[in-house]
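Working notes, structure below.
The values are calculated or read from the model by the stated rules, or taken from the named source; none is laboratory data. Please read all numbers here as calculations on a predicted model, not as lab measurements. Using ideal geometry, Cβ is built from the backbone for each residue, glycine included, and neighbour counts are taken over all protein chains shown.
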Amino acid sequence: MFGVLAVVAGLVLGGAYAWTSIVLSGAHDDLAPGVYEALTSTTTEGAGTTTPPTAPAKPEGTINILVLGSDRRPDDSEQFGRSDTIMVVHLDPDAGFVSILSLPRDLRVRIPGYGLQKINAAFALGGDALAIKTVREVTGLDFDEYVNVDFEAFRQITSALGGIYVDVDHRYYAHDPSYEPVDVLPGYQRLEGEQALQYVRFRHDLNGDFGRMARQQRFLRAVREQALGWNALVKLPQVAKLLAENTATTMSANDVFKLAYWGMKLRSASVKQVNLANVRDANIGGLDYVLASETSIRAAVDDLLAAPEPPAVTGSTAATASSSTTVSTTISTGETNGGETPDLSTVSLDVFNANGRSGEAAATARFLDGLGARVREVGDTAGGRLGRSAIVYPTDETAEAARISEALGIFKLLEDNTRRRVTVFLGADFVPPGGSPPDSAPPVPNSAVWRYLAGAAAFPVMAPAALPEEYRYAGFRLYALETDEGLRDSLRVIYQLGDQDQYLGLMETIFVDAPAASDGETLVNEGLTLTVVGSGETVDRIWWRRSGVLYWLSNTLSYMLDREQMLDVARSMVAVSS
């Protein structure tokens, strides 16, 4: 995989570089005829679903690299094997970012000379050159470089490196004789060799090929985060030899070295994952395909070439109080009116308790009634508890929502036109009017499980008092995490989104210097520093340290939770005792 290739090359330092340059030059010898011609030939119509999209002008100084991960086994009847991994890597040194577009291997495209086929068939039918031509014509992109890494290299390189720490969201298990067995346990752990390959190639669940692409991109992020900690001079000779034996590329060792050295210095927020949106599965002629429109492909290409959005300011992006679909916005109420009590005589609203503390919704309703508001409905939410209070309102009641915000001191406001009137949701952070924060910590979902874990774990555990709606407890793993310094007590707790194969994870470990505690945006919440790791609105994880323990929340594989939802859970975390 390109991530391993690039990172290893970036570790080539000092006198070892000249030796490695000679070794890696063997990768050029494996290039099939026609590769350079395929990279430089004029794009022709006919590879896309109808006509290829016209990509935006390539910014000067940027680099596009096509990366294939191929797998040809000794018993394969095909000459070239299949390209099970197809990635387009866009590097923009001037703007300072890298983006990676993964293409589903089952994407239905028109392969030059062969008609409509799965995109990974291009490599099987015509090798490197046909694969390059096909991807060029599907995306409309021109490529500067090409890399093909055999999966055998991936298996051997991860072993030579001593493994890569990976945050595994849930257990991956398959024991069907029709495909290779898979058994990877949940939790943060070091994966290498066959087990690492099982993780990045698995696709026998509801996420299918899109889950596999997401795990491969997550794996590449993990490689980049951990690269600077490797002992290059010790591990380099074996790794470079494996690369030379299992890699075909147009890139020189000098090219790879410079790009990788630059890439490893990037912050996490400058590395962006891109996937096709609005795709659908279809069975055509007895074969399963992924179908994507030209519009979807063009949107993905535009996203690939665009720099990541800067991290959002806390509170500027809102998540729904009930996890329904909303259009979110932030209202600026400005200064309070000199301490005057807001006039709520024109406001009709509902008040719901979403923190599990009895009586607060009724008390709040009485307070608002005293200010002239007409409270229509009072009760408890049917969904999960909230960490942060919110006011949800229809567009035509923006002013009324602002006055309620001023009266209650709730500043998370969400526009939702499915609401008939202003609705207040009281979260775990809510302070009753004229009152003080509750003395006791809010109750946590699945409290019996957490009391057991508090007694069983060898370190202080923390639990979320609030979960997004439709997320339910799905199990835990209490285990010893293997590190270079020895075993470290660790805990993984899993929350599943409905019946989907999407899992919110909570990791707790005394491995306080784990690579997962990487750079990101820092926020302070009640004296605790939270670090948000991700790119723009896409949050990968939120971590913090407390009492000699490293904690973090991991987003689902497909980033189903937005930034505010992740922060709501992180802010609701409380210490648990047995």
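Below are the figures for this structure:
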{"quantity": "Hits in segment 279-305 (condition: in contact (Cβ under 8 Å) with a residue 60 or more places away in the chain, buried (at least 16 other Cβ atoms within 10 Å of the Cβ) and within 22 Å of the chain's Cα centre (by Cα))", "calculated": "VAL279, VAL290, ALA292, ILE297, ARG298, ALA300, VAL301, ASP303, LEU304, LEU305"}
{"quantity": "Options PRO342, PRO310: the member that is loosely packed, with under 12 Cβ neighbours inside 10 Å and either at pLDDT 85 or above or in contact with a helix residue (DSSP H, G or I) (Cβ under 8 Å, 6 or more places away or on another chain) (or both)", "calculated": "PRO310"}
{"quantity": "Count of segment 169-212 residues which are of a type in the set (A, V, I, L, M, F, W, C), farther than 18 Å from SER70 by Cα and touching a helix residue (DSSP H, G or I) at 6+ places or on another chain (Cβ under 7 Å)", "calculated": "3"}
{"quantity": "Residues being out of contact with any Lys or Arg (no Cβ under 7 Å at 6 or more places or on another chain), surrounded by 23 or more Cβ atoms within 10 Å (Cβ to Cβ), among the small types (Gly, Ala, Ser) and touching a residue at least 60 places away in the same chain (Cβ under 8 Å) - total across segment 373-404", "calculated": "1"}
{"quantity": "Within segment 150-191, considering residues that are of a type in the set (Asp, Glu) and more than 21 Å from the chain's Cα centre (by Cα), the one nearest to ASN246 (Cα to Cα)", "calculated": "ASP150"}
{"quantity": "Test: residue in segment 436-446 that is crowded, with 19+ Cβ neighbours inside 10 Å and at pLDDT 90 or above", "calculated": "no"}
{"quantity": "Search result, residues across segment 521-578 that are among the polar types (S, T, N, Q), surrounded by fewer than 17 Cβ atoms within 10 Å (Cβ to Cβ) and part of a loop (DSSP other than H, G, I, E, B)", "calculated": "SER547, SER558, SER577, SER578"}
{"quantity": "Residue under evaluation LEU491, criteria (1) out of contact with any Asp or Glu (no Cβ under 6 Å at 6 or more places or on another chain); (2) more than 25 Å from SER389 (Cα to Cα); (3) assigned to a strand (DSSP E or B), criterion not met", "calculated": "(1)"}
{"quantity": "Enumeration of residues in segment 167-223 that are surrounded by 21 or more Cβ atoms within 10 Å (Cβ to Cβ), in a strand (DSSP E or B) and small (Gly, Ala, Ser)", "calculated": "GLY187"}
{"quantity": "Qualifying positions in segment 440-488 - of a type in the set (Val, Ile, Thr) and out of contact with any strand residue (DSSP E or B) (no Cβ under 6 Å at 6 or more places or on another chain)", "calculated": "VAL449, THR483"}
